[in-house]
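Okay, structure first, notes after.
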Amino acid sequence: MQLFNSLFQVLALGLLLTTVVADVVRTYDDNVDDVRPVKAGLLNNKRAHFGKVIHRIPSPKEACPEDYSPCTCQLTVNGLEVSCVDIPVDQIANVFYRTQTLELYQVVLTASGSASGTVDLPADLLKDKRVQRIYLGCPPAANPKLGLTIDSATFEFTRFTTTVFGILNCDLSTQTDMQYLNGFSVLNTLRIDDSNNIEAIATLPTTTLPALQKLFVVNCTGLENAVFPDLTPARLVRLHLQGNGLTDAGVNNILVSVGSSSSSSSLQELILSNEYAMTKIPRIASFSKLVWYDVSFNAIPYMSQSTLVFSSPVNYLNLNSISLGAIEGGAFLGDYGKALVYLENNGLTEFREDVFKPMLAQMAAQGSAEAGKVIVTGNPFDCGCGLAWLIRDNPSFVSYVLNGVCGGFFKFEDLNPESYANC
């Protein structure tokens, strides 16, 4: 576990962007590789991915070596960071034409709309600059969202440098392809947030994106109708699909595509939360390295046998707030010894032996602080004989169940084993 956490510790490092697209509520967080937007309720009860969050002290800022006005800039330990918010495209182009620094760490572009109400990025917008992280946004106050078009050569000179690319708050209906990412050979993270009509994701030039490991699509429309691309040769580690209105069929189509690609043996984290239209937990047996799975905030009333089959030891499983009312025995298969299993705020009335005993036995066998837990806050469990297997027969397992309450206010740990003598 120590080696695993060390490997992914870098995912929790980075610089807090507090003014992305001039929207204080929708900002990017301090995770350099993840770059997840912080939004109330989005991460409900989640721990930091693969270890603790490391919040670093903000870097000292120095004066910029050149005048980037009307954009702003700051020089940090990471390098030069330029932000152009609500500025016409032609003025942005002029900034990068007249400045001489070639290597930039980060560029945030939220161009103001043209006379036609669109944001149109021309070829060679950044001139000969090489940028590690690029974020494109449309004005957050625009209603409806402004259209964004990106020329296939907009970022021509930074193709071999950019590792993170993001789009936020735009309408992409007129962007019919994603050839602007063609040849981004070191691109590690791609995300699209709060954007409409993203069907062009089907044209992602995947054969030229071998380094892609993290793909996030959050609060977007159009994903349900898109043909999800074969990501080969990329080997995804993290796939986040949240709040996109995906149906069971839509999710299945995406997972079939990913599961039949080179990512089937590399994907470790899969998030399908806040979709609401999902009524079944998607099967994940084809992903041999998956250890982090989240389907919270959907409408999934029932789990059948072998719903969840993990080939690798589980780290985190989130089934919170999915209207879950019943779980069939044998639904959880795999190694849950060190897992955090969240089942909060559901409608479970039975804490069944054939469902939970194998899991709790694995946790008890750890005998260390790394042992897993089953968190069941907010479920209306019955106090009857159905709990005898736990309270009377396996009292040592109770400590691995957090916030178990039956009869409305009786905590599992306070129940008397003798009261189940006649069960």
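Annotations for the structure displayed:
Conditions tested, residue by residue: (1) more than 21 Å from SER185 (Cα to Cα); (2) of a type in the set (D, E, K, R); (3) surrounded by fewer than 18 Cβ atoms within 10 Å (Cβ to Cβ); (4) over 15 Å from the mean Cα position of the chain (by Cα).
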site	(1), (2), (3), (4)
LEU231	no, no, no, yes
ALA234	no, no, no, yes
ARG238	no, yes, no, no
LEU241	yes, no, no, no
ASN244	yes, no, no, no
THR247	yes, no, yes, yes
ASN252	yes, no, yes, yes
VAL256	yes, no, yes, yes
SER263	no, no, no, yes
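- Of the residues making up segment 342-394, those that are crowded, with 19+ Cβ neighbours inside 10 Å, in contact with a helix residue (DSSP H, G or I) (Cβ under 7 Å, 6 or more places away or on another chain) and closer than 25 Å to ILE281 by Cα number 5.
- The residues on offer are ASN219, ASN182, ASN188, and the sole one that is under 27 Å from ALA249 (Cβ atoms), open to solvent by 20 Å² or more (accessible area, probe 1.4 Å) and among the polar types (S, T, N, Q) is ASN219.
- Qualifying residue in segment 127-139 (condition: part of a loop (DSSP other than H, G, I, E, B), buried (at least 20 other Cβ atoms within 10 Å of the Cβ), without any contact (Cβ under 8 Å) to a residue 40 or more places away in the chain and of a type in the set (Lys, Arg)): yes
- Qualifying residue in segment 347-368 (condition: outside any strand (DSSP E or B) and under 25 Å from the mean Cα position of the chain (by Cα)): no
- Residue within segment 322-342 that is farther than 28 Å from GLY243 by Cβ, in a helix (DSSP H, G or I) and touching a residue at least 12 places away in the same chain (Cβ under 8 Å) present: no
- Residues (under 17 Å from the mean Cα position of the chain (by Cα) and assigned to a loop (DSSP other than H, G, I, E, B)) located in segment 290-305: LEU290, VAL291, VAL295, SER296, PHE297, ASN298
- Residue count, segment 140-172 (criterion: open to solvent by 10 Å² or more (accessible area, probe 1.4 Å), within 24 Å of the chain's Cα centre (by Cα) and of a type outside the set (A, V, I, L, M)): 6
- Tally of residues being more than 12 Å from GLY378 (Cα to Cα), open to solvent by 30 Å² or more (accessible area, probe 1.4 Å) and of a type outside the set (Gly, Ala, Ser) across segment 395-410: 3
- Residue count, segment 109-126 (criterion: more than 23 Å from ASN219 (Cβ to Cβ) and not in a loop (DSSP other than H, G, I, E, B)): 1
- Filtered residues of segment 72-126 (kept if farther than 18 Å from ALA142 by Cα and without any contact (Cβ under 8 Å) to a residue 24 or more places away in the chain): THR72, CYS73, GLN74, LEU75, VAL77, ASP90, GLN91, ASN94, ARG98
- Residues located in segment 138-156, provided they are within 22 Å of VAL186 (Cα to Cα) and of a type outside the set (Phe, Trp, Tyr): ILE150, ASP151, SER152, ALA153, THR154, GLU156
- Scanning segment 269-303 for residues being open to solvent by less than 10 Å² (accessible area, probe 1.4 Å) and small (Gly, Ala, Ser) gives a total of 2.
- Matching residues, segment 198-218, being over 15 Å from GLN179 (Cα atoms) and in contact with a strand residue (DSSP E or B) (Cβ under 6 Å, 6 or more places away or on another chain): LYS214, LEU215, PHE216, VAL217, VAL218
- Leading residue by the ranking (nearest to VAL314 (Cα to Cα)) among those in segment 369-411 that are β-branched (Val, Ile, Thr) and assigned to a helix (DSSP H, G or I): VAL398
The values are calculated or read from the model by the stated rules, or taken from the named source; none is laboratory data. What you are looking at is a predicted structure, and each value in this text was computed from that prediction instead of being measured. As a convention, Cβ positions derive from the backbone with ideal geometry for all residues, glycine included, and neighbour counts pool all protein chains shown. Side chains included, ligands, DNA and RNA excluded: accessible areas come from the protein's heavy atoms. Shrake-Rupley method; radii C 1.70, N 1.55, O 1.52, S 1.80 Å.
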